[in-house]
Number of protein chains: 2
Amino acid sequence: MTGAVIIAGLGPGDAAKVTPEVAAALDQATDVVGYIPYVARVAPRPGLTLHPSDNRVELDRATHALEMAAKGARVVVVSSGDPGVFAMASAVFEALEARPDLAHVPITVLPGITAMLAAAAAAGAPLGHDFCAINLSDNLKPFALVERRLRLAAEADFAMAFYNPRSKSRPHQFARVLEILRECCDPARLITFARAVSTPEQHLRTVALAEATEDMADMRTVVLVGNSATRRIGPYVYTPRSA
Amino acid sequence: MTGAVIIAGLGPGDAAKVTPEVAAALDQATDVVGYIPYVARVAPRPGLTLHPSDNRVELDRATHALEMAAKGARVVVVSSGDPGVFAMASAVFEALEARPDLAHVPITVLPGITAMLAAAAAAGAPLGHDFCAINLSDNLKPFALVERRLRLAAEADFAMAFYNPRSKSRPHQFARVLEILRECCDPARLITFARAVSTPEQHLRTVALAEATEDMADMRTVVLVGNSATRRIGPYVYTPRSA
């Protein structure tokens, strides 16, 4: 039997946003590995072993997936959203680099609807022109690099999407992010806080930068910052194509 | 009958990458509008009128969709990829701004798998850390703004995705983009040219910046530029989570 690792994106939460190819990969899997709440989204069935694991053990999880596949298992590594955006795809390739003995395992990445694009769709089209995506977590990089990228992104007048804006272990950094934005952008700049997008708990709130406060974001929030031309039209927020 | 406009992303080409909610919206549509090759991806059926239109008439098409919905039609505006990324969502809101008489039409945006994320998945995980998306077309903005964003994105060490890198009417600008990248980045910087991703004509090619030439991109290509840490591992290209 030939094993394989398939790194699949489950989308932001709603089953109607899971692509058919991801659903088919899950149907054919022998093993599913991933962070506990994402594995919980996969229905149990005979012949499928679920391997939920804790946060921050991405490399161990990735190595485990490669090892099982080397023994013939058809392993699906699940991520929320898209696995290539601040998720498991890079972790699997990092694990592979450390284990040349597993280089023969076939790896496929199946894209998913990433949180920022689901949030943008729910808000209107705030990422409708040039934009950037920044992971605000400093678990794996210095916060100084986050600050530097924020300032340059503002100077470039990119719309911005922030992943992992705030966590229990980093309660104050998002306040610093808002400070930096206030130094670089007009107070009227629009910010959308999109929590639990596409789930029953979805909550969207758009405010001017001057009114934004750090408690508007939590671990389940993706934050979208407009560019200088982003505006409201009725209940929608959008960025025109010309700016 | 209550009309509505649904702006839906068809993904990059493969039917297995169309989300169930987009498929359901197409099943319930009375009218589908969009650029000719995208409307061609929708199966005709009794009760559905297809309205294919030419490129560069996005505002006319958007207004037409809003007008039909105001008369009770259930109109799906189709985009390739994700409608919020350099596609029809912003055009519909621009059209709405010009037509306050149509402000009552309900508008929903359904996300799709955008080209850069399908291309990244096919290559490995080159957008696995902070990245930006830039539309290289100067149809609607001055090329000087493209140049400025490119330089700042390189300074920020973002991975980058370029949409619309090259067209018949702009054959030489992509050569200029490569020149700018060569001024800002190491010659070993990896660039992936991903053509017709997820279709039978898919072709991926990754080269060092020093070897990249303008003819490697065409209208159907999305270009992914790694950051300074992006590397190859076996047949894959990926950006580590720490850079």
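Do we have any residue at all in region B:215-226 that's assigned by TED's automatic domain parsing to the domain that holds B:ILE134, surrounded by fewer than 16 Cβ atoms within 10 Å (Cβ to Cβ) and in contact with a Ser or Thr (Cβ under 7 Å, 6 or more places away or on another chain)?
The answer is yes; a qualifying residue exists.
How many residues are at pLDDT 95 or above and either in contact with a His (Cβ under 7 Å, 6 or more places away or on another chain) or polar (S, T, N, Q) (or both) if we restrict to region A:129-163?
2
So is B:ALA43 part of a loop (DSSP other than H, G, I, E, B), surrounded by fewer than 21 Cβ atoms within 10 Å (Cβ to Cβ) and not aromatic (Phe, Trp, Tyr) or not?
yes
Return the residue satisfying two criteria in turn: it lies in region A:73-103 and is outside any helix (DSSP H, G or I) and farther than 24 Å from A:PRO20 by Cα, and of such residues it is farthest from the other protein chains (Cβ to nearest Cβ).
A:ARG99
Out of region A:79-129, which residues are free of Cβ contacts under 8 Å to residues at least 12 places away in the same chain and closer than 14 Å to A:LEU10 by Cα?
If the condition is that a residue be free of Cβ contacts under 8 Å to residues at least 12 places away in the same chain and closer than 14 Å to A:LEU10 by Cα, then A:LEU117 is the only one that fits.
Could you please let me know if A:PRO106 is surrounded by fewer than 24 Cβ atoms within 10 Å (Cβ to Cβ), over 19 Å from A:ARG170 (Cβ atoms), in contact with a strand residue (DSSP E or B) (Cβ under 6 Å, 6 or more places away or on another chain) and more than 7 Å from chain B (Cβ to nearest Cβ)?
When the stated conditions are applied, A:PRO106 passes them.
Might you check whether a residue that is buried (at least 24 other Cβ atoms within 10 Å of the Cβ) and assigned by TED's automatic domain parsing to the domain that holds A:VAL207 occurs anywhere in region A:138-146? Write out each step before concluding.
The first filter runs over region A:138-146 and keeps only residues buried (at least 24 other Cβ atoms within 10 Å of the Cβ), leaving none.
No, region A:138-146 contains no residue that is buried (at least 24 other Cβ atoms within 10 Å of the Cβ) and assigned by TED's automatic domain parsing to the domain that holds A:VAL207.
Which count do you get for residues in region A:27-62 that are within 14 Å of chain B (Cβ to nearest Cβ) and over 20 Å from the mean Cα position of the chain (by Cα)?
Of the residues in region A:27-62, 2 are within 14 Å of chain B (Cβ to nearest Cβ) and over 20 Å from the mean Cα position of the chain (by Cα).
Of all residues in region A:130-143, how many are more than 7 Å from chain B (Cβ to nearest Cβ) and in a loop (DSSP other than H, G, I, E, B)?
Adding up the residues that qualify gives 5.
With the requirement that a residue be of a type in the set (Gly, Ala, Ser), part of a helix (DSSP H, G or I) and more than 8 Å from chain B (Cβ to nearest Cβ), what does region A:1-26 give you?
Passing the criteria: A:ALA23, A:ALA25.
Checking the conditions here, which among B:VAL39, B:VAL33, B:VAL22 is touching a Gly at 6+ places or on another chain (Cβ under 9 Å) and touching a residue at least 24 places away in the same chain (Cβ under 8 Å)? Working first, answer last.
Values: B:VAL39 fails: touching a Gly at 6+ places or on another chain (Cβ under 9 Å); B:VAL33 fails: touching a Gly at 6+ places or on another chain (Cβ under 9 Å).
None of the others qualify; the one that does is B:VAL22.
May I ask you to say which residue of B:LEU178, B:LEU204 is assigned by TED's automatic domain parsing to the domain that holds B:ALA123 and in contact with a strand residue (DSSP E or B) (Cβ under 8 Å, 6 or more places away or on another chain)? Walk me through how you get there before you give the answer.
On the way: B:LEU178 fails: in contact with a strand residue (DSSP E or B) (Cβ under 8 Å, 6 or more places away or on another chain).
One residue alone meets the criteria, B:LEU204.
So which strands (runs of 3 or more DSSP E) stay within region A:144-242 end to end and still have 2 or more residues that are charged (D, E, K, R) and in contact (Cβ under 8 Å) with a residue 40 or more places away in the chain?
A:231-233
The values are calculated or read from the model by the stated rules, or taken from the named source; none is laboratory data. Nothing here was measured: the structure is a model prediction, and the numbers come from that model. Don't worry about glycine lacking a Cβ; one is built from the backbone with ideal geometry, like all the others, and counts go over all protein chains shown.
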